[in-house]
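To start, the structure itself, in structure tokens.
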Amino acid sequence: MKIVLAQPEDVAKLLAFRREAATWLSALGTDQWQRPYPADKLLETIEAQTVFMVRDGEVTAATITLTPEAEAGLWTDRELAEPSMFINKLTVARTHAGQNIGGRLLNWAGGRAYRAGANWLRLDAWTSNEALQQYYLRQGFEYVRTVREGGAVNGGPRVSGWLAQRRTGLAEHCFEDQTSDPEALSR
């Protein structure tokens, strides 16, 4: 399997990928990702070169967004002063579930963040998805806190405010990385 940078022509594929994940999450009893993700926002992140795809031949096996930009209102000024990269939208295709692709992708992201000069790999997870939170804890992340206020709509309740982090570092991931070296963080 190889890791590649997503391209603008991948938007439809990645939106369908997310819909598949939302259907699976709904069957598990969570409301995570039930609102459609805006194609224009996805295209912006692809054009910013922060969306990566794991390909198994011609099949998309997983995707992850890795960015130096934190979502507003989640991390303190002190935390934001620390060199960090942030994970969003980690998704593994149901056809590839059970192969530790997510864990390997987190290792890859931690190595990429380390090479960019980050000390921390950080994420926010759905506040009501305890199974997802436990998954990240098993992957070596440490719980930081849960932010419940300051959501996107009128400062209302935040649905993805469970915060966790782990130190960056090089780790085995067994992917063929076909991406260029990351840009150094400017902090």
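In this simple spin-label approximation, Asn100 and Lys2 carry label points 7 Å from Cα along the Cα→Cβ vector, and these lie 2.4 nm apart. Look at Arg167, Arg112 and count the other Cβ atoms within 10 Å of each Cβ; fewest to most, that gives Arg167, Arg112. In this simple spin-label model, placing a label point 7 Å from the Cα along the Cα-to-Cβ direction at both Leu185 and Thr23 gives a separation of 3.8 nm.
Summarising the label geometry, the points placed 7 Å from Cα in the beta-carbon direction at Glu176 and Ala12 lie 2.7 nm from one another.
Computed extension length for Arg148-Glu44: 34.8 nm, one decimal, from 0.36 nm per residue of separation with the Cα-Cα distance subtracted.
Give, to the nearest whole percent, the P(r) tail of region 2-122 beyond 16 angstrom, counting all Cα pairs. The calculated P(r) of region 2-122 puts 63 percent of pairs beyond 16 Å. Rounded is the label for region 35-187, because a/c, from the alpha-carbon gyration tensor with a ≥ b ≥ c as root eigenvalues, stays below 1.5.
Each Cα pair under 8 Å and six or more residues apart adds its sequence gap; the mean of these over the residue count of the chain is a relative contact order of 23 percent.
Throughout, read-outs are computed from the coordinates displayed, never taken from laboratory work. All values derive from a computational prediction rather than experimental measurement. As a convention, Cβ positions derive from the backbone with ideal geometry for all residues, glycine included, and neighbour counts pool all protein chains shown.
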